[in-house]
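Beneath this line is the structure, given in structure tokens, with notes to follow.
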Amino acid sequence: MKCPTCSETLAHRERTGREFVSVEVCPGCRGCWLSKAELESAHAGPWTSLEEMGVMASDVFSDYLCPHCSAQLVRVNPTDHPELVIDRCPSCHGLWLDNGELQRLRQVVVEYAESHGTLDERPPGWTVMRWILYRMAQEYLHAPTA
């Protein structure tokens, strides 16, 4: 698969002992692709709607094409973090997070961990997307930054 941002080949990264078993990371721009299967793995089950995920639907297309199926990605915002813009494939339902979004998520995890400790399961009241983003950022904290 090619990076939707810079067209470099995405590198497959396996993780063991963590909720995110594998992700596709761009070695050039450090963006990250999460397939629907990975999202369901992080959620511990299938999901059927954006509302269930905690994402505000949008009809605004991004400038990027899906690295998996080549559909034009759509911009969405997590209801818990409306300042973040995440690119979602309306066809295969994967998510693209560019490096800037990952850096913001990383800061959220660092700040949360400093005041509450690290979470191992989704707290009551957290949307699925908030939990996935938290886990994604936590995974990113453990990834090499080369």
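The values are calculated or read from the model by the stated rules, or taken from the named source; none is laboratory data. Note that the structure is predicted; figures quoted are calculated from it, not measured. As a convention, Cβ positions derive from the backbone with ideal geometry for all residues, glycine included, and neighbour counts pool all protein chains shown.
Among the residues of the stretch 114-141 satisfying the criterion of being among the small types (G, A, S) and either touching a strand residue (DSSP E or B) at 6+ places or on another chain (Cβ under 6 Å) or surrounded by fewer than 21 Cβ atoms within 10 Å (Cβ to Cβ) (or both), which is modelled with the highest pLDDT?
Filtering first and then ranking leaves S115.
Identify, by number, the condition in (1) modelled with pLDDT under 95; (2) buried (at least 18 other Cβ atoms within 10 Å of the Cβ) that P67 doesn't meet.
Of the numbered conditions (1) modelled with pLDDT under 95; (2) buried (at least 18 other Cβ atoms within 10 Å of the Cβ), the odd one out for P67 is (1).
Does the stretch 40-50 contain any residue that is farther than 16 Å from M129 by Cβ, at pLDDT 65 or above and not in a loop (DSSP other than H, G, I, E, B)?
Within the stretch 40-50, not a single residue is farther than 16 Å from M129 by Cβ, at pLDDT 65 or above and not in a loop (DSSP other than H, G, I, E, B).
Which of the residues spanning the stretch 81-102 are within 20 Å of E38 (Cα to Cα) and not hydrophobic (A, V, I, L, M, F, W, C)?
D87, R88, P90, S91, H93, G94, D98, N99, E101
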